[in-house]
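Asks: What follows is a single structure, and I will ask about it in a moment.
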Amino acid sequence: MKFNVEVECSPEEARRMMGLPDLTPVHDKYIASLTDAMDGVIAPDLLEGMMKNWAPMSDAGMNFWRKMFDSAGKSGS
């Protein structure tokens with residue numbers, strides 16, 4: 001026997017229904033710090049340390065972010 005259940009809800013409603021925390025403020029601060037770093041407000045070293053603490057990645061992952069920021073800095077100049 002097989003049952004299919006379809007639930008129509010927004011991602012916000014699904015998060016609440018499953019009891020997951022609202023990480024919107026954390027996400028907003030993360031995006032703001034990335035934007036500030038690209039605009040030259042935050043030192044790249046500070047951002048690198050923050051990213052290592054928030055989302056541990058291998059060296060390949062960090063190299064990806066460095067290349068992305070370097071290319072963003074070059075295109076903005």
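The values are calculated or read from the model by the stated rules, or taken from the named source; none is laboratory data. Quick caveat, the model's predicted, so the values are computed rather than measured. Don't worry about glycine lacking a Cβ; one is built from the backbone with ideal geometry, like all the others, and counts go over all protein chains shown.
Asks: Restricting region 13-50 to residues that are modelled with pLDDT of 80 or more and assigned to a loop (DSSP other than H, G, I, E, B), which is nearest to Lys67 (Cα to Cα)?
Replies: Applying the filter and picking the extreme gives Leu23.
Asks: Among the numbered conditions (1) in a loop (DSSP other than H, G, I, E, B); (2) at pLDDT 85 or above; (3) surrounded by 10 or more Cβ atoms within 10 Å (Cβ to Cβ), tell me where Glu6 comes up short.
Replies: (3)
Asks: Can you work out which of the residues in region 56-67 that are closer than 26 Å to Pro11 by Cβ and surrounded by 11 or more Cβ atoms within 10 Å (Cβ to Cβ) is modelled with the highest pLDDT?
Replies: Trp65
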